[in-house]
Amino acid sequence: MADDLGDEWWEHQPAGAASSPASDGEGGGDTEMMQQETAPVPALSKKTKQPKECFLIKPKETSEDATKTRKRRKKKITDVLAKSEPKPGTPEDLQKLMKDYFSSNRSVIELEELNLPDSCFLKANDLTHSLSSYLKEICPKWVKLRKNHSEKKSVLMLIICGSAIRALELIRSMTAFRGDSKVMKLFAKHIKVQEQVKLLEKRVVHLGVGTPGRIKELIKQGGLNLNPLKFLVFDWNWRDQKLRRMMDIPEIRKEVFELLEMGVFSLCKSESLKLGLF
């Protein structure tokens, strides 16, 4: 009887009461399932918060591409300049550069006054001359001029170039022309302007080779008088390592035109001064 009651008791027990451990297990299973369902949510949100990787990769590729493009462009420009045949400078080149430079702050009438007569230009170098041979061609009576020159604080010939190093090269290359002429370095490197002023006051100088900036400064300080000047030669055709000519460099070009305004234009128009393009 007890056994029968026991069997009936177990049979009639509520499912939840008879299997409370199982219910706990199922409840735990539900919790685990909820965790599995909710656990990926923050993981997905983390992934969605990581656009940084894409953002960092794109600029890197863009900058590398831009760098490669710049390098290719520079190389192409250099190749074109290196392969192009050099053309000797002409008086028209100088006139055009002058017009372009002064057009921003001069009237049409003032620009016309800056036009130099063809008679003031010497024959330009056709790229076959050394400096000595070119100077001999444009100034065949140099020895006579040199002997008659006795005025201090002045020179008979100025050769203008873009740097002190180039000036030294030109001085060394003109030995066949200068003879016994007194040559002076007119640039700023290692030489103070006051020292150059004193030298010009003490002795007679026939030839000056230097940069337009220092020559301008000497004129401003009264150390150099341009009135006795007979020849002004530009180192026009020479190119540096970047294939730039003297007048291709904005700073040098500016100083050249400022120098021309300091009495050179008037001397050219009076035909007492001749211009040469070497």
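For the range 154-278, what relative contact order do you get, as a whole percent, if you take Cα pairs closer than 8 Å and at least 6 residues apart? After rounding, I find 33 percent.
Starting from the Cα-Cα distance between E195 and K144, subtract it from 0.36 nm times their residue separation and give me the gain in nm to one decimal.
Values: separation 51, 0.36 × 51 = 18.36 nm, distance 2.90 nm.
Extra length from E195 to K144 when fully extended: 15.5 nm.
The Kirkwood hydrodynamic radius of the range 122-206, based on inverse pair distances between different Cα atoms, is 14.0 Å.
Rounded to the nearest 0.05, the FRET efficiency derived from the C-beta distance between S104 and A188 at R0 = 41 Å is 0.90. What the phi angles of the range 253-259 give under the Karplus curve with 6.51, -1.76 and 1.60, with θ = phi - 60°, is a coupling list of 4, 4, 5, 4, 5, 5, 5 Hz, glycine and proline written as x.
Please compute, over every Cα-Cα pair in the range 183-278, the percentage with a separation greater than 23 angstrom. Walk me through the numbers before you get to the answer.
On the way: 1177 of 4560 pairs.
Taking all Cα-Cα pairs of the range 183-278, the fraction more than 23 Å apart is 26 percent.
What full-extension length gain, to one decimal in nm, is calculated for E151 and D240 as 0.36 nm per residue of separation minus the Cα-Cα distance?
28.5 nm is the gain from fully extending E151 to D240.
Above 20 Å lies some portion of the pair distances; for the range 86-277, what is it as a whole percent of all C-alpha pairs? Tail of the P(r) past 20 Å holds 54 percent of the pairs. Annotation for the range 204-278: GluC sites (Glu not before Pro) lying in DSSP loop with at most 13 further Cβ atoms inside 10 Å of their Cβ are E271.
Each reported figure results from applying straightforward, stated rules to the coordinates on display, with no laboratory input. Remember, it's a predicted structure, so these values are computed and weren't measured experimentally. Here the Cβ is made from the backbone with ideal geometry for all residues, glycine too, and neighbour counts use every protein chain on show.
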